[in-house]
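Okay, structure first, notes after.
The values are calculated or read from the model by the stated rules, or taken from the named source; none is laboratory data. What you are looking at is a predicted structure, and each value in this text was computed from that prediction instead of being measured. Quick reminder, even Gly has a Cβ in these numbers, built from the backbone with ideal geometry, and neighbours come from all protein chains shown.
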Amino acid sequence: MKKALLPVAILAALPAVALADVTIYGRANVSVDLLDDGDDYSEVNMASGSSRLGFRANREFDGFTAIMQIEQEIDFTDSGSNWASRDTFVGLRGDFGMFRLGKFDTPFKQARGPANLFGDQVGDMRNLTRAGNARFDERTPNTIHY
């Protein structure tokens, strides 16, 4: 039942943004890296550091702005990725603030962003600090943000 929330929200917002201008954006961040621990491990690796393709739209009506975003990870090292795997949402913005439904970065991921000196690269903080099942830095689906 929870998995049905995002598609229903997107379908409900489509009429409001259907006539909106859509912005298409993205980033291809591909690198070839030499990984070497100076001892017994040495390998050349291709990385697709947070490459993405996204679509944003908004439309003003009656003092509100309907907003939507669909952002997809593009992995140049793999044969496929999940659709809308990055921050993806629909919502409304007005004098009351902003209300969004969808998939978002966790607060932990947002807070560590400014300290992540090698973001979107092999040295990204998530690659260095992720251990076991600790996944504080991922995106949470079926989320409501105000």
Note on Leu6: of the conditions (1) more than 18 Å from Met98 (Cβ to Cβ); (2) modelled with pLDDT under 80, unmet is (1)
Quick one: in the range 94-119, of everything that is part of a helix (DSSP H, G or I) and of a type outside the set (Lys, Arg), which residue is modelled with the lowest pLDDT? Gly113
For the range 47-64, which positions are modelled with pLDDT of 80 or more and surrounded by fewer than 17 Cβ atoms within 10 Å (Cβ to Cβ)? Leu53, Phe55, Arg56, Glu60, Phe61, Asp62, Gly63, Phe64
